[in-house]
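K.L.:
Quick one: structure below, then a few questions.
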Amino acid sequence: MSFLSKVTARSWEHAGELEGLHGEYIPTRSAGRTGLLVFLAVISSFFMLFIISYYTRSRFPDWEMLRDPRILWFNTFMLVLASIAMQLASKAAQRNADPSMRKYLVAGAVLTLVFIAGQLIAWKQLIAAGFYAQENPSIAFFYLVTGLHALHLIGGIWFLGRVGFRLGQQNLQEKARQSVALCATYWHYLLLVWLVLFTLLLRT
């Protein structure tokens with residue numbers, strides 16, 4: 001690139017690129033990925049506050065151990081499968097294998113919805129067993145934390161719907177493929193968060 005071209009270039013048109021020593025352009029972290037990492041850092045701080053509060057409150061003598069609804073194990077398995085499906089979709093997007101990518105995206109969304117439905121069933125089972133938020137602080141934390149986790153998954157599905165819409169637009173397909181990798185990262189993160197919460201809620 002000539003000196004004049006460098007001076008007159010519009011840097012915002014080359015977002016995600018960095019000029020190398022020999023004039024070549026090297027891809028850097030995209031703005032979308034950076035934004036996602038910042039968002040995940042905020043969520044991590046949010047959940048960490050709940051974890052600290054949960055652990056502190058569990059030291060009080062009136063704390064009752066939460067009964068383990070068996071469906072939570074099934075739900076966990078569904079979320080693991082959803083995370084795997086999203087990773088496969090990301091790999092397919094890198095190969096521009098759109099049919100496989102769409103198949104795995106749908107599978108990931110469906111498995112996530114099954115997980116959320118299973119969480120609602122777990123709530124109903126606990127209520128039927130007499131575990132009420134106003135009477136048991138551990139169940140109050142369970143409802144609150146699992147509800148917030150489910151809301152973040154619902155937000156992910158909404159974004160996934162936007163990605164699916166963009167895949168149907170010829171001029172937006174490339175950006176949509178890049179967004180699939182972000183979705184996979186988000187699903188992996190929420191799986192990790194759930195595994196931490198699952199261990200904490202039922203083993204503390």
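The values are calculated or read from the model by the stated rules, or taken from the named source; none is laboratory data. Fair warning: this is a prediction, and the values are worked out from it, not measured in the lab. For neighbour counting, all protein chains shown are included, and Cβ atoms are generated from backbone atoms with ideal geometry for every residue, glycine included. Protein only, heavy atoms only, side chains kept; ligands, DNA and RNA dropped before computing areas. Shrake-Rupley method; radii C 1.70, N 1.55, O 1.52, S 1.80 Å.
K.L.:
Residues to consider are V180, V114, V106; find the one that is within 17 Å of the chain's Cα centre (by Cα), hydrophobic (A, V, I, L, M, F, W, C) and more than 30 Å from F50 (Cβ to Cβ). If you could, list the steps in order and put the result at the bottom.
P.N.:
Working: V180 fails: more than 30 Å from F50 (Cβ to Cβ); V114 fails: more than 30 Å from F50 (Cβ to Cβ).
Selected residue: V106, the only one of V180, V114, V106 that is within 17 Å of the chain's Cα centre (by Cα), hydrophobic (A, V, I, L, M, F, W, C) and more than 30 Å from F50 (Cβ to Cβ).
K.L.:
Let me ask something else. Restricted to the stretch 44-72, and to residues that are open to solvent by 50 Å² or more (accessible area, probe 1.4 Å) and of a type in the set (V, I, T), which residue is modelled with the lowest pLDDT?
P.N.:
Among those residues, the one meeting the criterion is T56.
K.L.:
Taking M101, is it in a helix (DSSP H, G or I), modelled with pLDDT of 90 or more and open to solvent by less than 50 Å² (accessible area, probe 1.4 Å)?
P.N.:
no
K.L.:
Can you tell which of A92, A41 is touching a Ser or Thr at 6+ places or on another chain (Cβ under 9 Å) and either free of Cβ contacts under 8 Å to residues at least 12 places away in the same chain or surrounded by 11 or more Cβ atoms within 10 Å (Cβ to Cβ) (or both)? Spell out the reasoning first.
P.N.:
Working: A41 fails: touching a Ser or Thr at 6+ places or on another chain (Cβ under 9 Å).
Only one candidate passes the filter, namely A92.
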